[in-house]
Each structure stands twice: as structure tokens, then as C-alpha cells.
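Enquirer: Quick one: structure below, then a few questions.
Since every read-out is calculated from the coordinates, none of them should be taken as a lab result. This structure is a prediction, so every number in the text was calculated from the model and none was measured. Ideal geometry is used to build each Cβ from the backbone, glycine not excepted, and the neighbour counts take in all protein chains shown.
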Amino acid sequence: MASLKDIPVVAERAPRSGEKYLTPQGFTAIKDGQKPRGAEAPPTGRKPSWIRAPLPVGRGFGAVKDIVHEHRLATVCEEAKCPNIGECWNAGTATIMLMGAVCTRACRFCSVDTGNPRGWLDAEEPENTARSVELMKLKYIVLTSVNRDDLPDGGAQHYADAIRAIKRRTPHVAVEALTPDFQGVMRDVETVVDSGLEVFAQNVETVKRLTHPVRDPRAGYEQTIAVLAHAKRFKPSVLTKTSLMLGLGETDAEIAECMDDLRAANVDLLTLGQYLRPTVHHLPVQRFVTPAEFDTYREWALAKGFRECVSGPLVRSSYRAEQALAGNNAGLVNGAGSGNRDNPVAHTSAPQARAELSRFPDPAPLVRWLGRVDYEPTWRDMQRITDTRDATTPDEIWLLEHPPVFTLGLNADAGHVLAAGDIPVVKIDRGGQVTYHGPGQLVVYPLIDIRRARLGVRDLVTAMERAIIDYCATLGITAKCKAGAPGVYVEGRKIASVGIRIRRGASYHGLAFNVNMDLEPFQRINPCGYAGLEMTQLAALGQPDATVEATGRAFAPFLQKALDDLRAGRSSAACDA
């Protein structure tokens with residue numbers, strides 16, 4: 001057995017916790033991240049009854065494990081000994097850990113191995129990650145990583161490459177990046193935030209007083225909050241998120257103070273979970289927080305203005321991350337207790353709880369910018385999401401543009417395509433006749449459970465038309481719609497077309513808004529079945545520099561307001577009689 005700095009280096013057998021070993025990449029690491037210390041605190045006694053998780057077995061568990069290992073991916077689920085690995089992997093989800101399984105830091109709560117990778121990176125990992133996400137047929141993926149202080153940018157570009165690879169293969173997949181703090185270098189934070197993700201997360205981990213010794217000396221409470229604040233300022237449309245472990249000796253006053261500090265940085269999402277000691281070499285548990293206390297802390301967080309706080313004993317930062325905007329504690333029911341008196345689902349079974357929660361107001365849809373994406377894969381993704389919806393699936397609004405394509409409605413007359421030329425024609429399942437999509441046109445796809453949102457089909461069409469009219473008004477453009485002819489017009493020329501499909505009580509397809517595009521292809525068809533119908537766009541109406549992305553981000557709040565107004569009974573019909 002070799003040795004390094006008087007610590008044995010294991011090469012002949014699997015290393016035990018706290019031992020140094022030689023990695024396949026040729027550098028040394030410490031198993032589970034912490035060396036043995038003198039006078040270790042004894043293990044905590046028997047865990048309370050509410051600290052229970054399903055065993056990691058089952059067909060789904062095996063399938064995800066095979067995909068992860070086949071593509072040489074590390075997961076935080078395995079490396080951090082997450083108690084929820086059985087539940088998540090059986091559900092076909094995983095949190096992928098980029099840049100290997102050896103961290104340059106040694107936080108005293110974390111069981112990820114620690115060492116110095118000396119610049120090693122797997123150049124194929126971004127594409128391998130994207131292929132795995134595609135194979136697992138995910139809607140939402142969390143990417144996280146070890147700290148890589150050995151890299152000049154902390155691994156920021158590697159993150160961005162992985163996110164872009166995922167978006168190229170599966171543009172419908174929402175990406176959350178749970179990143180290191182990049183040593184507070186904000187240009188590296190910007191590299192990740194600007195890569196097309198939906199959620200940027202960096203964990204504060206514990207309250208200010210306990211940051212050291214809980215976290216590595218290179219980490220910092222103020223540094224994490226500064227990173228989160230900068231990410232939000234740099235791209236306000238990206239949601240920011242952090243996580244707090246409880247049970248390390250924090251007080252209620254310190255928890256409340258931490259929430260206030262995070263809200264001052266405009267952090268959107270918070271998760272709260274029980275700290276569980278991974279090995280005897282790590283910090284001991286100071287208390288087990290009860291389910292009722294977790295409910296109380298969640299109420300505090302919501303009252304302070306977080307969009308959501310997912311709170312429970314086994315919650316981890318990426319647990320049920322795809323449900324974080326469902327407005328129901330990600331479907332968790334922590335159980336009865338004095339803190340639950342005002343919780344209408346606290347004393348029910350899980351199925352009863354889901355039914356009860358379905359009666360509550362639906363949160364605002366998650367707005368996502370997908371960029372330029374091919375038509376047919378996006379259409380199939382909409383169908384798949386609609387067909388696999390359940391009561392906890394959040395509503396979404398997709399903003400995007402397509403390469404050139406003509407689309408024919410379900411019962412459309414193909415004779416309305418006059419001369420397609422080199423532009424493909426796709427027969428699809430929405431209503432209406434033929435239309436054109438191409439670069440420079442904003443396409444808006446509302447994926448909404450209209451029954452849960454208490455909307456009718458006409459309500460959704462009205463909301464889209466009203467949003468276009470109201471948005472155009474802010475630009476000094478008078479837009480109108482016509483009774484019996486869906487869409488929006490400016491001086492008789494059509495600027496936006498509407499066509500939706502309702503299946504299983506949910507919507508897909510949507511709205512096409514001409515921004516700054518080549519209108520010539522419209523002359524190759526009878527737009528919407530009307531011979532000679534003229535089209536117009538923002539660029540021809542005093543907005544020559546308009547872009548699709550900027551227009552989409554500015555337009556989305558108008559659509560959300562129109563939907564809210566309809567649900568509240570504050571809106572009238574958008575069209576002229």
C-alpha cells in the first residue's frame with residue numbers, strides 16, 4: 001500500500017470512508033470527503049419515524065442506473081448518498097453531476113469525495129449528458145457539479161456546453177443548474193446564466209453563524225447570496241433558487257434572518273430539508289426537525305415573498321425540482337401537527353391531498369424561451385407532455401421561433417398551399433387551415449390545463465388576442481381582432497394568427513406573432529384559408545429593430561395578465577362585434 005503525506009493510499013481494494021485512494025484519472029482523493037478526526041462524535045441514535053425513504057429498487061431505478069453508467073455520468077443521487085434515490089430514479093429522473101465525482105472542497109456536511117483533479121475534464125460529457133436526458137425522456141433536468149477550483153473558470157463553460165447540448169437535442173426540457181459559487185467571479189456566473197437555462201441555483205446550505213465550520217473555508221454566506229443576486233440582475237427572467245439544511249444547531253431567528261437575506265437578493269425558490277449525517281467523520285445532527293415545523297417554516301417563507309418553498313424532512317435541493325412551481329409543496333404532505341391547523345391537506349392521505357390541492361388557484365405558468373427549434377420535434381413534445389399530464393404538472397408558456405415551415409390544420413384544404421417550393425409542408429392536429437412559420441416570427445405555445453385554470457377554449461383564444469392588442473398598444477399600434485376570424489389585424493392586415501388544440505383538458509399549439517421576418521412565403525399560400533389576405537409585422541409598423549426574443553419576453557406578461565383577468569372575470573371579449 002502506497003502513502004501520501006502519511007495518509008495511506010488505497011489501490012488494492014475499494015477505499016473505506018476517510019481513506020485516500022487513486023482515481024482512474026491518476027490523482028488522489030479522500031473517500032466521502034472527510035478524513036478521520038480524533039474524538040469523533042458518536043452516531044446519532046435511532047432516527048425518528050418520519051425519516052424513511054423507499055428502498056432503491058425497481059424497474060425504473062435499474063433503467064436510469066443503466067443509462068447513467070453507460071454514459072459515464074456521475075449523479076449527486078449516488079455520490080451524496082441521497083435518501084430519495086429510489087423514488088426519483090423509479091420516476092425516471094436524476095440529478096446529473098458534471099465534471100466528475102471529486103470536489104476540490106471539503107464541506108463537513110457533504111459525502112462527495114474530495115481531492116484535486118488538476119484540470120481533468122471529460123470533453124465528451126456535455127454530449128453524453130444530452131443523450132442521457134433524451135433517452136430518459138425527461139421534462140426537467142437538474143445539472144449540478146462538484147466545486148472545481150482547479151479550473152480557471154470553475155467549470156462555467158463546461159456547464160454552458162452541457163446546457164446548450166441538451167437544448168439542441170431536447171429544446172422542450174427545462175434545465176436547472178445547481179452550480180458552485182465560482183469563487184464569486186461574476187463573469188463565470190454570467191456564462192452559465194446566459195446558456196439557456198430556466199433555473200439557476202447556488203446553495204447557501206446553512207445560516208450565517210454556522211457557515212463555518214459547516215462549509216469549506218473557501219465558501220461564504222455573503223458570497224453565495226452575492227452570486228444569486230447577480231444572476232437575477234443579469235437575467236431577470238431566470239428563476240433563482242437556494243437550499244437550506246436544518247438540524248445543524250440553527251435557531252428559528254437565524255432561519256428567519258436567512259430567509260430575509262435571500263429575499264433581499266430576489267431569490268425566487270427555497271428548499272428546506274433535514275441534515276442527515278452521511279458518515280461518522282461528518283458533523284453530527286443537532287436535532288431532528290418535525291414535519292409540523294417544516295410546514296411552519298414553509299409558511300414563513302411564502303409570507304416573505306418566495307414564489308415557492310418546498311419543505312420537508314427528506315427534501316433536498318433537487319428533490320421533485322420539476323414540481324417546484326406547482327404551488328403545493330411539490331406534492332409533499334408532511335403530516336398532522338400543531339403547525340398544520342390551517343393546512344387543508346395536512347390530515348389527508350396522499351391521493352386525497354392531491355384532489356384537495358386541485359381546488360386551489362393555479363400558479364402563473366412557467367414562461368420558457370426555447371430559441372429557434374424545429375417544428376415537428378416541438379409538436380411531438382407538446383403532444384407527449386399533454387398525454388402524460390397529471391394534477392401536479394405545472395402549466396408552461398413556450399416562446400420560440402421555427403425554421404421555415406407551412407403547417408396544415410387537421411381538416412385543412414391542401415389546395416390553400418399554392419406553391420410551397422423548398423419549404424416543407426406538415427399536416428398537424430390543430431384546427432384552422434394553413435399558415436407559415438419562419439425566422440423572425442414569435443411563436444407562443446401555452447401548455448395549460450384549462451380545466452384546472454377554469455378557462456374555456458374561447459377564453460384561451462380571447463386571452464391570446466387580448467394580449468397581442470394590449471402589447472401593440474404600448475408600441476403605439478392600434479390592433480384589432482374580427483368576430484369569426486381568429487387572429488389580430490392592423491388596418492386590415494394580419495399580424496398574428498391563433499390555432500390551438502385541446503386534448504385531455506389541456507391546450508397546445510397557440511399563437512404566431514409576426515415580428516421581423518420575410519413575409520414572402522405567405523404569398524405562396526392562402527393564409528388561414530383566405531385568398532389574398534395581406535400580412536404585416538412589427539418591423540413594418542415602426543419597430544424596425546424588433547427581435548423575436550425581446551418581443552417574446554416583453555409580451556409574456558401581457559398574456560399572463562390576460563389569463564388572470566379572464567379567471568377573475570375582469571376581461572371582456574377582445575373582438576369587434
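Enquirer: As a quick test, which of the pairs 304/561; 35/137; 427/494; 232/561; 20/208; 139/561 have an alpha carbon distance above 28 angstrom in this structure?
Expert: 35/137; 20/208
Enquirer: Taking residue 235 as the anchor, which lysines have their alpha carbon closer than 20 Å to its alpha carbon, excluding any fewer than eight residues away along the same chain?
Expert: Filter leaves 167.
Enquirer: Could you work out the relative contact order of segment 396-469? I mean the mean sequence separation of Cα pairs under 8 Å and 6+ apart, divided by the number of residues, in percent.
Expert: About 39 percent, as a whole number.
Enquirer: Another question, then. Compute the Kirkwood hydrodynamic radius of segment 493-577, taking the inverse of the mean of 1/r over all pairs of distinct Cα atoms, and give it in Å to one decimal.
Expert: It is 15.2 Å.
Enquirer: What order do you get for 375-381, 504-510 when each peptide is scored by the mean count of other beta carbon atoms within 10 Å, highest first?
Expert: Top to bottom by mean Cβ count within 10 Å: 504-510, 375-381.
Enquirer: Restricting to segment 431-577, compute how many DSSP beta bridges are antiparallel as a %, nearest 5.
Expert: 90
Enquirer: Mind giving me the FRET efficiency for residue 426 and residue 388? R0 is 25 Å, r the Cβ-Cβ distance, nearest 0.05 is fine.
Expert: The pair residue 426/residue 388 has a calculated efficiency of 0.65.
Enquirer: For residue 520 and residue 411, compute 0.36 nm times the residue count separating them, minus their Cα-Cα distance, and round to one decimal in nm.
Expert: 36.8 nm
Enquirer: Next question. With bins 5 Å wide starting at 0, give me the P(r) of segment 437-483 over every alpha carbon pair, in whole percents.
Expert: For segment 437-483, the pair-distance distribution reads 5, 17, 21, 21, 21, 11, 4, 0.
Enquirer: Hey, how many Å between the Cα centroid of segment 211-264 and the Cα centroid of segment 452-500?
Expert: When both Cα centres are located, 42 Å separates them.
Enquirer: State, to one decimal in nm, how far the label point of residue 251 lies from the label point of residue 302, with both points 7 Å from Cα in the Cβ direction.
Expert: Here the modelled spin labels are 2.8 nm apart.
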